[in-house]
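The values are calculated or read from the model by the stated rules, or taken from the named source; none is laboratory data. Everything numeric in this text was worked out from a predicted model, so none of it was measured. As a convention, Cβ positions derive from the backbone with ideal geometry for all residues, glycine included, and neighbour counts pool all protein chains shown.
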Amino acid sequence: MAQLDDKNAQYATLGMGAVNVLMTVVSMFIVERAGRKTLLLIGFAGMCCTTILLTICLAYVQVLNHCIAIEYEMYTDIFTIHFYHDKWT
């Protein structure tokens, strides 16, 4: 679906891995300030909103084709902050 060649696909994978590591570090600091329950509720709400927006972008893929990548990145960031902090704290 992304129609990337092999080299760009490797760069995209590397970029997503770097973002996951960065958001994991960010979540370790956020969980200390906000608490696990607050982070859980905000994470669920954020994932719900980005899933709805991603669905809208996929419905209008001809007009909003760049929106899909942005929404997927936002969903991944929220998911990483939401769930990955339990692995490190």
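For residues in the range 1-10 being assigned to a helix (DSSP H, G or I) and loosely packed, with under 11 Cβ neighbours inside 10 Å, which is modelled with the highest pLDDT?
Residue satisfying both the conditions and the ranking: 7.
Determine whether the range 7-21 contains at least one residue that is of a type outside the set (Ser, Thr, Tyr), over 22 Å from residue 68 (Cβ atoms) and without any contact (Cβ under 8 Å) to a residue 24 or more places away in the chain.
yes
If a residue must be farther than 24 Å from residue 17 by Cβ and either surrounded by 12 or more Cβ atoms within 10 Å (Cβ to Cβ) or touching a residue at least 12 places away in the same chain (Cβ under 8 Å) (or both), how many such residues does the range 61-85 contain?
1
Within the set of pairs 6 or more residues apart or between chains, which connect a residue that is closer than 17 Å to residue 79 by Cβ and free of Cβ contacts under 8 Å to residues at least 24 places away in the same chain inside the range 24-41 to a residue that is among the β-branched types (Val, Ile, Thr) and part of a helix (DSSP H, G or I) with Cβ atoms less than 8 Å apart?
Correct list of pairs: 34/42.
Would you mind telling me which numbered condition in (1) out of contact with any His (no Cβ under 8 Å at 6 or more places or on another chain); (2) surrounded by 11 or more Cβ atoms within 10 Å (Cβ to Cβ); (3) modelled with pLDDT under 80 residue 13 fails?
Going through (1) out of contact with any His (no Cβ under 8 Å at 6 or more places or on another chain); (2) surrounded by 11 or more Cβ atoms within 10 Å (Cβ to Cβ); (3) modelled with pLDDT under 80 one by one, residue 13 breaks only (3).
How about the range 58-89: which of its residues are at pLDDT below 70 and among the polar types (S, T, N, Q)?
If the condition is that a residue be at pLDDT below 70 and among the polar types (S, T, N, Q), then 65, 89 are the ones that fit.
Just need a number here: residues in the range 1-58 that are touching an Asp or Glu at 6+ places or on another chain (Cβ under 8 Å) and among the hydroxyl-bearing types (Ser, Thr, Tyr).
1
Please find, within the range 43-60, the residue that is farthest from residue 28 (Cα to Cα) out of those that are of a type outside the set (Phe, Trp, Tyr) and in contact (Cβ under 8 Å) with a residue 12 or more places away in the chain.
Within the range 43-60, the match that is farthest from residue 28 (Cα to Cα) is 57.
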